[in-house]
Every structure is written in C-alpha cells, then in structure tokens.
Amino acid sequence: MTAAITLDLVADGALRLTLERSLYRLAERWIPQGLGEPGDVPARALISVRASPSPVPLRRPTQRPTLVLGGVAVWVDQGRPVALLRGAAPASGGVLSLGAGRARLQVDPAGTPDAAADLYSMLTVSAALLLAGQGRALVHAAAVVAPDGDAWLLAGDARAGKSTTCATLALGGWGYLSDDQVVLTSRDDGIEVEGWLRPFHLDEDGAGERREVAAAELGLERWRRTARLAGAIFPTVSPAEPTLLTPLSSADALARLVRQTPWLLACRRTAPTVLALLTRAVASGAFSLRLGRDTYREPEGLAAIVTPLIPSLVLTPCLPDPLGSSPPVPLSAYAERGNYGRVEFPLSRRERGSKG
C-alpha cells in the first residue's frame, strides 16, 4: 500500500493533514502551498482523508444542519461535541470529534466535480472547527505585509477586491501572506497571521470572469508565511468612483469580519474564544477601502493610498486623524501631488495609549 501524504497545515505543527495519495488530485486545489514537513512533535489536531470504501450513499440526518458551506452540510452535537458532515456527492462525508481534535473524512475516489467541491468544503470546515478548538480563527481573507513588517487583513465577500488589492500591493513592493484564507493566533505580543497560499483569483478587466493565476506568473517574490497583525482593511469595488480610504468603527469592522468566519457559531464551546480573538483583531485599526478604476493595476497609486496606515511612517502634508472626527479625504489627492519625501502621520490609538 502506498504511504499516505502527511502535511503540517500550520507552522507550529498544531494541525496536520493526512490523505491517501490517490486523493491528492482531488485535494490539490485546497492544500496550501509552502507547507513544511511534519515535525517530531505530535499534532494537537488531525484531519485524515480516505477514499470511500463503497458507493453506498451515507445516511443524512433529517433535522436542519447547523452550518452549510457550498454543497456540504454540517450537524454539530453541542453536548458531545461531535460534528457530522455530508456532501453533495452520495459518498462524501465525515465525522469530527471536536473534543479529541480529530476529523475523519471520506470522498468518492472517482473524482467527480461534486466530490472535489465537497472535499474542498469539508477540509475548510474541518480545519476551521479544529483550529477554533485551539483558540485560533480561520478567516476568509487575504493578507498583505506592509513595509514595516506588519500584516493587514483584506477581508470581504467574493469579488470584493481582496485578491486584486493583495496582488496590486505586492507588485508595489509589499509582502503578502495569502489571497484567500488566513489563520489568526493569539500571541503574547499581539496576533499572528499565517497565510494559506494558493493561486490568486483575479477578475479579468471588463470580462466578468475570474481566473487562477500563480504568484510566480504575477512576478511576486515577497511571500511570507507569518507576520504580526496590524489591523484590517475591507475592500469593495466601485469602478465609477475614485479610490477612497475611510476609518471603520470597531463594531462595524467586527461585524464584517464575523461575516467572513461563517463557522464561528457552529460550536458553542469555542465560539466565545474565537469571537474575542476577532474583536482583538480589529481593535488596533480597521478601514474601508473603496476601489475605483483609478488604482486598478496601479501599484504605486494604491500603495500611496494605504501607506499612511503604517504607524512607523508619517505623511506630509499631514492627513486628518483617521480615528478622529475629521471628514475622510481621498488620499489619492495627495498621491497626485507626488510629495512623499518626509512623511507625517497622527499617532494611532495604540500609540496614544502607550505614550499617554
């Protein structure tokens, strides 16, 4: 029997994936790139995937599922706690033992489109719930790394502009972690963001279609696996209007971030810890980024607009305090003046607290 493929899904080895080699093609689209080899320390949680032993349809509960992601329905028994997964394909499904940190999944080895889609959703749900059991959060978000080394989440619904913003800033010299999914982990010095790197999903200009593009094809070379979190940006595409950056209240930002973690409330035992982590993630800074056509594929222009978020830099002329009551100003107006020599920026809330 051919040995199974085993991969550590997070850098510290706390979540591990093992799957039969015959299923790698089905799982390849989901498996993050740049994963490390498993270490000697046992994983705290494990996802195992095998081929369905028979084509007999799996039994489905009659009650309403706790969570639905794509074609996969999830029923969580809050008391045990155990989760049952069933996919659109008759033989796709699995069981999660949330207390033991184990997920056992099976999928039809014939490799139908339904089976591949089921496996993608089952792996996402399994990883999200098992990470939540460790006090971590899997978030549907991209993440970039600013020149000061800190990460900014780019969170939003599909086609909100996450991938485009991530790729554009990366082309402008920023680093990047992921264009689609990240893991948040609480550390003594803040929150660590770990990117699950996959091909970028970019919209063709005016075509209304999306295509997968490898980072190498885009010429991106500044990928990092982890970085400390600075805050969150929520992009939305508005081609007819100029690009505009405006501050968000913590409450508004938290509501938007929770929307990108639809599995948050599936398990009542872990929900409070994950919600506290998301609350902390937006406390240090959150912004709405309206993306106009003026910055589409314009790395320098977009970078100039978001650079004032970096606490270690200051812009001249001085911009309105993003946490104050001043009306928002399109930062592209300053970009057009081309004056970035010395930068001046008001103290962030975190800096104000530390400096009195």
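The values are calculated or read from the model by the stated rules, or taken from the named source; none is laboratory data. Quick caveat, the model's predicted, so the values are computed rather than measured. Here Cβ is always computed from backbone atoms with ideal geometry, including for glycine, and neighbour counts include all displayed protein chains. Keep in mind that these areas ignore ligands, DNA and RNA; they rest on the heavy atoms of the full protein, side chains included. Shrake-Rupley method; radii C 1.70, N 1.55, O 1.52, S 1.80 Å.
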Could you look through the stretch 237-260, keep only residues that are touching a strand residue (DSSP E or B) at 6+ places or on another chain (Cβ under 7 Å) and without any contact (Cβ under 8 Å) to a residue 40 or more places away in the chain, and pick out the one that is nearest to Arg290 (Cα to Cα)? Ala253
One residue from Thr124, Thr164, Thr168 being modelled with pLDDT of 95 or more and among the polar types (S, T, N, Q): Thr124
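Here is a yes/no grid of residues against (1) closer than 20 Å to Leu130 by Cβ; (2) not polar (S, T, N, Q):
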| position | (1), (2) |
| --- | --- |
| Gly34 | no, yes |
| Asp40 | no, yes |
| Arg59 | no, yes |
| Thr62 | no, no |
| Ala83 | yes, yes |
Qualifying residues in the stretch 140-151 (those that are under 18 Å from Leu302 (Cβ atoms) and open to solvent by 10 Å² or more (accessible area, probe 1.4 Å)) - the one nearest to the chain's Cα centre (by Cα): Asp150
Conditions first: (1) of a type in the set (A, V, I, L, M, F, W, C); (2) out of contact with any helix residue (DSSP H, G or I) (no Cβ under 7 Å at 6 or more places or on another chain); (3) touching a residue at least 24 places away in the same chain (Cβ under 8 Å). Val95 passes all but one, so which condition is the exception? (3)
For the stretch 85-112, what are the residues that are basic (Lys, Arg) and under 18 Å from Ala4 (Cα atoms)? Arg102, Arg104
Test of understanding: among Arg268, Arg293, Arg280, which residue is closer than 22 Å to Thr164 by Cα, touching a residue at least 24 places away in the same chain (Cβ under 8 Å) and surrounded by fewer than 17 Cβ atoms within 10 Å (Cβ to Cβ)? Arg293
Taking the stretch 45-72 as the region of interest, how many residues are open to solvent by less than 60 Å² (accessible area, probe 1.4 Å) and farther than 19 Å from Pro109 by Cα? 6
Just to be sure, is Thr316 part of a loop (DSSP other than H, G, I, E, B), of a type in the set (Ser, Thr, Tyr) and at pLDDT below 90? yes
Need pairs with beta-carbon distance below 9 Å; first residue over 17 Å from Val282 (Cβ atoms) and among the aromatic types (Phe, Trp, Tyr) and within the stretch 211-236, second open to solvent by 10 Å² or more (accessible area, probe 1.4 Å) and at pLDDT below 75; sequence gap 6+ or separate chains. Trp223/Ala215
Residue in the stretch 298-312 that is within 15 Å of Pro247 (Cα to Cα), in a strand (DSSP E or B) and in contact with a strand residue (DSSP E or B) (Cβ under 6 Å, 6 or more places away or on another chain) present: no
On the basis of being modelled with pLDDT under 95, closer than 16 Å to Ala142 by Cβ and open to solvent by 10 Å² or more (accessible area, probe 1.4 Å), does Arg211 make the cut? no
Number of the exception - Arg256 against (1) more than 24 Å from Asp189 (Cα to Cα); (2) over 20 Å from the mean Cα position of the chain (by Cα): (2)
Failed criterion for Thr273 (all others in (1) at pLDDT 95 or above; (2) open to solvent by less than 60 Å² (accessible area, probe 1.4 Å) hold): (2)
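This table checks each residue for (1) assigned to a strand (DSSP E or B); (2) touching a Lys or Arg at 6+ places or on another chain (Cβ under 6 Å); (3) surrounded by 13 or more Cβ atoms within 10 Å (Cβ to Cβ).
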position: Ala3; (1), (2), (3): no, no, no
position: Thr6; (1), (2), (3): yes, no, yes
position: Asp12; (1), (2), (3): no, no, yes
position: Leu17; (1), (2), (3): yes, no, yes
position: Leu26; (1), (2), (3): no, no, yes
position: Val41; (1), (2), (3): no, no, no
